[in-house]
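Computed from the coordinates by the stated procedures, all read-outs in this text should not be read as laboratory data. From a predicted model like this one, the values you see are computed outputs, not experimental measurements. In this analysis, Cβ positions are derived from the backbone assuming ideal geometry, glycine residues included, and neighbour counts consider all displayed protein chains.
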Amino acid sequence: MHKIAIVGAGPAGYFAALALHNLQSDDRAFAIDMIERLPTPWGLVRSGVAPDHPKIKTVAKTFEKIAADPNFRLFANVEIGHEITVAQLSEKYDAVIIATGSALGKKLRIPGEELRGSMSAADFVPWYNAHPDFSDLEVSLDCDTAVVIGAGNVAMDVARMLALEPSELDPTDTADHAITVFKKSNVRDVYISARRGPEHAAFTSPELRELGKLQHTNVIMQREDIDAAILRVGDAPEKDVKSNLDAMFLIANSPSTNHERSMHFLFEHTPREIIGTDRVEGVIYSTPNGDVTVKCGLVITAIGYQAAGIDGVPYENGKVVNKDGRVKENLYVVGWAKRGPSGVIGTNKSDAAAVMELLVSDLGAPKNQQGITDLISNHKVVDQAAWQRINEAEIAAGEVHGKPRVKSALREELMNLAQL
Ligand code: NAP
């Protein structure tokens, strides 16, 4: 049997495990060890997907089915890169797959970005999703206006979370600490700014269409922005562009509503400077009509991600250096760490399947190595059984409150639930 290590227990890692499972045959079998830095698996399904999108999270059922395979083992709460190196894993396994995603938010690199009240979605999103590394993040929603920079689905998630009536979060698995802050929020206007026109926005149309269903938030797009974009794309726009513009046309032409909270879309607004003395006071944009200042007390940038490095793995431009997923020797990469932060969760399935075919074609005879066991003798490992204890405890805690789960946001709490 070949022993394979997967580093990172997010969607890309699980889909790599699934692909390997599907490539087994009478004379080829795989024992898979999945290693994860956090005490909990599921990656962005736990700490990225917006809490008001529970349907997207049902993919976790697939992950748990993969984990139920007798040849699959979870080693969570084990970090690779320092005490345990990638080189050690490479020695002890027939192949090692990096599936660690892209955790760092890209920077705007404009003046004022470091002011208090300016942060990246790469911090804000895991904060409201109870990621233990972000439970201490200082989030102050004491201002009336927030700006979200970027025109992708992450920006949309962030803007929606800020512009929702907070009681709408009660039946979700939003971190308790975040619900408390959202309920005290003074934010009533959220601006989501795109540097290009509507036809270039990276939102996807289901997310745009869903905005029409918000019951407590005005969604405001200027008709002239959308009409001009429709003119610019002409008669035969690409399918995705057409669906987006159709959805935006509907929003821009919807009867106006009169809720307390509003989400406004600004197009062709390129951020030039974040202003303020000791905290954010506004954003200066360059626009086709000259400079425009939007006064605000909070700026969240959602302009993409880059991978955090792991010692022993080559990185360039925020990604692992690779050719079709091959890195070097018996090292492979899948998911956002391989191709950059693009695509929805399902994109990782076909992506991982293609890399696993290459991996399998490279394999020699199994070397029958012993795997990670002797490297983790002094670690408190959250294995699949311990994770199930956490999972069941969180779900039980949620049941009383009509939520899918109440997530623990502290490592110690998670380790207690794991009974370790
Ligand atoms: P994204 O889709 O790549 O969008 C990034 C946005 O940031 C783009 O609008 C880009 O504009 C803008 N941007 C980049 N650099 C900028 C700069 N210097 N100044 C101003 N704007 C800048 O990235 P994402 O929103 O982080 O999402 C990552 C992936 O996850 C995407 O594939 C997304 O669809 C997916 N996702 C899906 C869901 C869902 O299905 N519900 C939810 C969240 C995320 P330009 O185009 O002008 O560069």
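Can you tell me the FRET efficiency between Lys107 and Arg223 if r is taken as the Cβ-Cβ distance and R0 is 30 Å, rounded to the nearest 0.05?
After rounding, the FRET efficiency stands at 0.35.
Could you list, in their original order, any pairs among Lys107/Lys407; Lys55/Lys323; Lys107/Lys380; Lys183/Lys403; Lys3/Lys65 whose Cα atoms are separated by more than 24 Å?
Lys107/Lys407; Lys55/Lys323; Lys107/Lys380
All other residues with a Cβ under 9 Å from the Cβ of Arg261 taken together, and with Lys, Arg as +1 and Asp, Glu as -1, what is their net charge?
With Lys, Arg at +1 and Asp, Glu at -1, the net is -2.
For the pair Ile376/Thr85, report the inter-label distance in nm, with labels modelled 7 Å from Cα in the Cβ direction.
2.1
What's the Cα-based Rg to Rh of the chain, Rh via Kirkwood?
Radius of gyration relative to Kirkwood radius: 0.99.
Choose one of Gln215, Thr257, Val148: the residue whose Cα lies farthest towards the positive end of the charge dipole of region 107-303 (beta-carbon charges +1 Lys, Arg; -1 Asp, Glu; about the Cα centre).
With unit charges placed on the Cβ atoms, the residue in question is Thr257.
Please state the charge dipole magnitude for region 107-303, taken about the Cα centre, from unit charges on C-beta atoms (+1 on K and R, -1 on D and E), reported in debye and rounded to the nearest 20.
So the dipole magnitude of region 107-303 works out to roughly 340 debye.
Could you calculate the contour length gain from Asp136 to Gln215, that is, 0.36 nm times the residue separation minus the distance between their Cα atoms, to one decimal place in nm?
Gain on extension, Asp136 to Gln215, equals 25.3 nm.
How much length, in nm to one decimal, is gained on full extension between Ala385 and Asn71, taken as 0.36 nm per residue of separation minus their Cα-Cα distance?
111.6 nm
Out of the DSSP beta bridges found with both residues in the chain, what percent are antiparallel (nearest 5)? Before the final figure, lay out the partial values.
On the way: 20 of 61 bridges.
So the antiparallel bridges amount to about 35 percent of the total.
Cut-off is 10 Å between beta-carbons; in what order do Leu20, Leu141 appear when sorted fewest neighbours first? Walk me through the numbers before you get to the answer.
Values: Leu20 28, Leu141 18.
Ordered by Cβ neighbours within 10 Å, fewest first: Leu141, Leu20.
Measuring from label point to label point, each 7 Å out along Cα→Cβ, what is the Thr58 to Gln419 span in nm?
Computed distance between label sites Thr58 and Gln419 equals 3.1 nm.
What does the charge count near Arg116 come to, summing +1 for each Lys or Arg and -1 for each Asp or Glu among other residues with Cβ under 11 Å from its Cβ? All intermediate terms of the calculation are to be shown ahead of the outcome.
Values: positive: Arg279; negative: Glu114, Glu138, Asp278, Glu281.
Surrounding charge for Arg116 is -3.
Starting from the Cα of Ser25, step 7 Å along the direction of its Cβ; do the same at Glu357; then give the gap between the two resulting points in nm.
The answer from the label model is 1.4 nm.
Within the chain, which whole H helices from DSSP have a Cα span along their axis of at least 18 Å and a mean Kyte-Doolittle hydropathy of -0.5 or more, if any?
Span-like helices here: 239-252, 347-362.
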